[in-house]
Amino acid sequence: MPLPKRKEQLEKSLIREINNIIYRKINDPRIKFVTITRVKVSSDLKYADIFVTIFNDRKQQKKALEGLKNATKFIRGELGKDLKIRYVPDIKFIIDKDLEQQYKLLKIITEINDQQLDLKKDKNNE
């Protein structure tokens, strides 16, 4: 069983390298607005869930995931060259719902703050 430090290092390397591959080596407009937010590698280092954010509507997110799926073989090949590792994990791209929910929550908090400011201004103007 690999050491936790090795797993953590692989996760950090995958984030850095996959972002680099997407932005510098793939010319697919569907994945233009994709960012790798986190990676979760299995304990045996054979599988990796790649969490992504896509700042577009649902339809564009679906297209971006299709683009990533189509590019998976190429990405794995490039990872093998760039990371110089014996075995590149099988990768699966997943939309990062945590970040999406944080964004929604932040938006709600901002709206509430704006409403409170408006109420305060109205009270001061009376």
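Specify which of the listed residues (Thr110, Thr53, Thr72, Thr37) is over 30 Å from Pro4 (Cα atoms) and of a type in the set (S, T, N, Q). Spell out the reasoning first.
Working: Thr53 fails: over 30 Å from Pro4 (Cα atoms); Thr72 fails: over 30 Å from Pro4 (Cα atoms); Thr37 fails: over 30 Å from Pro4 (Cα atoms).
So the residue among Thr110, Thr53, Thr72, Thr37 that is over 30 Å from Pro4 (Cα atoms) and of a type in the set (S, T, N, Q) is Thr110.
Those residues that are among the hydroxyl-bearing types (Ser, Thr, Tyr) and closer than 18 Å to Lys84 by Cβ, I need them from the stretch 1-54; list them, please.
Result: Ser13, single match.
Is it fair to say Lys40 is modelled with pLDDT of 95 or more, in contact with a strand residue (DSSP E or B) (Cβ under 7 Å, 6 or more places away or on another chain) and closer than 22 Å to Asp98 by Cβ? Give the derivation first.
Working: modelled with pLDDT of 95 or more: yes; in contact with a strand residue (DSSP E or B) (Cβ under 7 Å, 6 or more places away or on another chain): yes; closer than 22 Å to Asp98 by Cβ: yes.
Spelling it out, Lys40 is indeed modelled with pLDDT of 95 or more, in contact with a strand residue (DSSP E or B) (Cβ under 7 Å, 6 or more places away or on another chain) and closer than 22 Å to Asp98 by Cβ.
Could you please find all residues in the stretch 81-123 being among the aromatic types (Phe, Trp, Tyr) and either assigned by TED's automatic domain parsing to the domain that holds Ser42 or under 21 Å from Val41 (Cα atoms) (or both)?
As a first pass, look at the stretch 81-123 and keep what is among the aromatic types (Phe, Trp, Tyr): 87, 93, 103.
Scanning the stretch 81-123 gives Tyr87, Phe93.
Tally up the residues in the stretch 54-78 that are touching a strand residue (DSSP E or B) at 6+ places or on another chain (Cβ under 7 Å), under 16 Å from Lys97 (Cβ atoms) and surrounded by fewer than 20 Cβ atoms within 10 Å (Cβ to Cβ), please.
The number of residues fulfilling the criteria is 2.
Just name the residue that is nearest to Lys12 (Cα to Cα) out of those in the stretch 79-126 that are of a type in the set (Phe, Trp, Tyr) and surrounded by 10 or more Cβ atoms within 10 Å (Cβ to Cβ). Break it down into steps so the answer makes sense when it comes.
Of all residues in the stretch 79-126, those of a type in the set (Phe, Trp, Tyr) come to 87, 93, 103.
From what is left, the residues that are surrounded by 10 or more Cβ atoms within 10 Å (Cβ to Cβ) are 93, 103.
Working: Phe93: 16, Tyr103: 23 Å.
It comes out as Phe93.
The values are calculated or read from the model by the stated rules, or taken from the named source; none is laboratory data. The structure displayed is predicted, hence computed values, not measured ones. Every residue, glycine as well, gets a Cβ built from its backbone with ideal geometry; the counts of neighbours run over all protein chains shown.
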